[in-house]
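Notes follow once the structure below has been shown.
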């Protein structure tokens with residue numbers, strides 16, 4: 001099987017499981033490229049969906065662009081939830097953006113998929129970089145509610161745990 005790397009706004013037919021790279025984009029370093037390389041090295045046959053676009057458009061981020069991004073992410077999160085694993089890497093903030101709370105969407109998605117894990121058994125792996133604000137709460141609550149979800153401290157270990165779900 002040939003693996004695919006999916007980036008917005010592209011949709012493609014997939015054969016086999018999907019690893020979705022969930023976590024902050026705005027204000028975070030490009031950890032997604034590091035995760036893709038690590039996963040490819042560990043299991044080149046796996047499909048990967050990364051919501052970080054390779055091309056950064058200048059100018060206003062329109063409502064249409066926002067809807068396209070959210071719809072792409074929702075579609076691929078559901079695909080990974082059905083056949084694959086959702087990898088959350090909670091990278092520490094590297095650039096402050098004053099008009100929004102850091103990782104606000106990632107935090108909402110994390111707890112949305114935690115509930116889906118509890119209800120449906122969705123494969124979920126969580127990694128938290130040292131310095132991520134709010135880490136203590138996640139590190140306390142996840143083991144209480146979902147002790148089987150690994151919580152990792154490095155991106156490499158997070159990728160390894162995600163791959164291990166699928167091999």
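Structure above, values below:
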read-out: Cα gyration tensor, region 17-98 - rounded (a/c under 1.5), prolate or oblate; value: oblate
read-out: Proxy reagent accessibility, fewest Cβ within 10 Å first, across 117, 76; value: 117, 76
read-out: Relative exposure of 92, 53, judged by other C-beta atoms within 10 Å (fewest first); value: 53, 92
read-out: Residue among 156, 112, 73 with the largest mean-square fluctuation in a Gaussian network model of the chain, springs linking Cα atoms under 10 Å; value: 112
read-out: Additional length obtainable on full extension of the chain from residue 62 to residue 74, 0.36 nm per residue less Cα span; value: 2.5 nm
read-out: Fluctuation leader among 63, 144, 32 - the chain, Gaussian network, Cα springs under 10 angstrom; value: 63
read-out: Helix-derived mean residue ellipticity, 222 nm - over the chain, DSSP H n ≥ 4, -39500 (n - 2.57), to 500; value: -14000 deg cm²/dmol
read-out: Beta bridges per DSSP with both ends in the chain, % antiparallel, nearest 5; value: 0 percent
read-out: Gain on full stretching of the segment that runs from residue 41 to residue 82 - 0.36 nm per residue minus C-alpha separation; value: 12.4 nm
read-out: Distance between region 133-161 and region 68-97 - C-alpha centres, whole angstrom; value: 16 Å
read-out: Segment residue 144-residue 11, extension gain: residue separation times 0.36 nm, minus the distance between their alpha carbons; value: 44.2 nm
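Every read-out reported here was derived from the displayed coordinates using simple, explicitly stated rules and does not represent laboratory data. Note that this is a predicted model, so its numbers are computed, not measured. All Cβ positions, even for glycine, are placed from backbone atoms using ideal geometry, and neighbour counts span all protein chains on display.
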